[in-house]
Amino acid sequence: WQGGFSSKAMFGNWLLAGVVTIVLLIAVLVLGAANPVFWGVWAVVSVLLWGGFACQLAYRKLTVKYQLTTQRFVHETGLLKRITDRIEVIDIDDVSVEQRLIERTVGVGTIKLVSSDRSHPVLMMRGIEKVKEVAATIDDLRRKERRRRGLHIESI
C-alpha cells in the first residue's frame with residue numbers, strides 16, 4: 001500500500017468556507033449592496049479563506065507520503081528538507097482508527113500506530129482514504145510477520 005493525505009479529509013473546511021462566503025454575501029446584500037467597502041471586505045475574506053485552505057491542502061499533499069511493504073512501514077515528511085523514517089512492521093504494537101462525523105461520511109480518517117520504534121513510538125497518519133481497509137492491511141501484515149518470525153502477539 002502507498003498513500004498520503006486525501007483531499008476528502010478537508011471536506012469540512014470546504015463546507016465551512018462555502019457557508020462563510022454565502023453568509024457574508026447575504027450580509028453585504030442586506031447591509032448595502034451599493035457600498036463598495038462591503039464588497040471589498042467580502043472579497044478579501046473569501047479569498048483569504050479559500051486560499052488558506054487551498055494552501056493547507058497543497059502543503060499536506062506535498063509533505064507526507066506513506067509506503068507499506070511486507071517488512072517495513074516507511075513515512076516521508078517535509079517539503080524542502082525530506083525526512084524518511086522506517087518502522088519495522090514487527091515493531092508495530094497497535095493499530096487504531098479515528099474518524100469524526102464528517103470524515104465518516106467521506107470515508108477518510110486517522111490511523112494511529114503505536115510501536116516500539118524509538119524515533120516514532122506513536123505515529124498519527126491523518127487524512128487517510130479507505131482508513132479501515134488500510135488499518136486492517138497494516139494489522140494483517142504485522143500479525144503475519146510476527147507469526148513468520150515465531151513471536152506470539154500476546155506476549156509482546
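For the range 48-87, which trypsin sites (Lys or Arg not before Pro) are both in a DSSP coil and crowded by at most 10 other Cβ atoms within 10 Å?
K81, R82
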Expressed as an acute angle from 0 to 90° and rounded to the nearest 10, what is the orientation of the C-alpha long axis of helix 36-63 relative to the principal long axis of the chain? 10 degrees
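What length, rounded to one decimal in nm, is gained on full extension from Y59 through to A27, with 0.36 nm per residue of separation minus their alpha-carbon distance?
8.3 nm
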Calculated FRET efficiency for the pair V20/T84, C-beta based, R₀ 41 Å, to 0.05: 0.60
Using only the alpha-carbon atoms, how far is helix 11-32 inclined from the longest principal axis of the chain? Give it as 0 to 90 degrees, nearest 10. 10 degrees
Which one, A136, M125, L79, projects farthest toward the positive side of the charge dipole computed for the range 75-149 from Cβ point charges (K/R +1, D/E -1)? A136
Compute the angle between helix 131-148 and the longest alpha-carbon principal axis of the chain, please, reported from 0 to 90 degrees and rounded to the nearest 10. 10 degrees
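What is the local net charge at V74, summed over the other residues whose Cβ is closer than 14 Å to its Cβ (Lys, Arg +1; Asp, Glu -1)? Present the calculation step by step, with values, prior to reporting the outcome.
Values: positive: K65, R72, R82, R86; negative: E76, D85, E88, D91, D117.
My count for the surroundings of V74 gives -1.
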Normalised contact order of the chain, rounded percent, pairs of Cα under 8 Å and 6 or more residues apart: 24 percent
If you only keep lysine pairs separated by 8 or more in sequence, or across chains, how many in the chain come under 17 Å at the Cα atoms? 11
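Let's see if you can work this out: charge +1 on each Lys and Arg Cβ, -1 on each Asp and Glu Cβ, no other charges. What is the dipole magnitude of the chain about its Cα centre, in debye to the nearest 20?
Numbers: 22 positive and 15 negative charges, 70 e Å.
It works out to roughly 340 debye.
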Over its alpha-carbon atoms, the chain yields an Rg and a Dmax in Å of 21.3, 76
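Could you compute the net charge surrounding R104? Neighbours are other residues with a C-beta less than 13 Å from the C-beta of R104; K and R count +1, D and E count -1. Don't skip to the answer; put the middle values down first.
Values: positive: K8, R100, K130, K132; negative: E98, E103, E129.
Result for the local shell: +1.
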Considering the zone a paramagnetic label at F11 would reach in this model (a point 7 Å from Cα along the Cα-to-Cβ line), which residues of the range 55-79 have amide N under 19 Å from it? 57-58, 61
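Restricting to Cα pairs below 8 Å that are 6+ residues apart, what does the relative contact order work out to for the range 83-138? Please round to a whole percent. Show your work: numbers first, answer last.
Working: 86 pairs, mean separation 19.0, N = 56.
Across the range 83-138, relative contact order equals 34 percent.
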Dipole axis of the range 60-156 (+1 Lys, Arg; -1 Asp, Glu on Cβ), positive-most option in V97, S116, V64: V64
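Quick note: the coordinates plus some simple rules give every number you see, no bench work behind them. Given the structure is predicted, the values throughout are model-derived calculations rather than measurements. Every residue, glycine among them, receives a Cβ derived from its backbone with ideal geometry; neighbour counts consider all protein chains shown.
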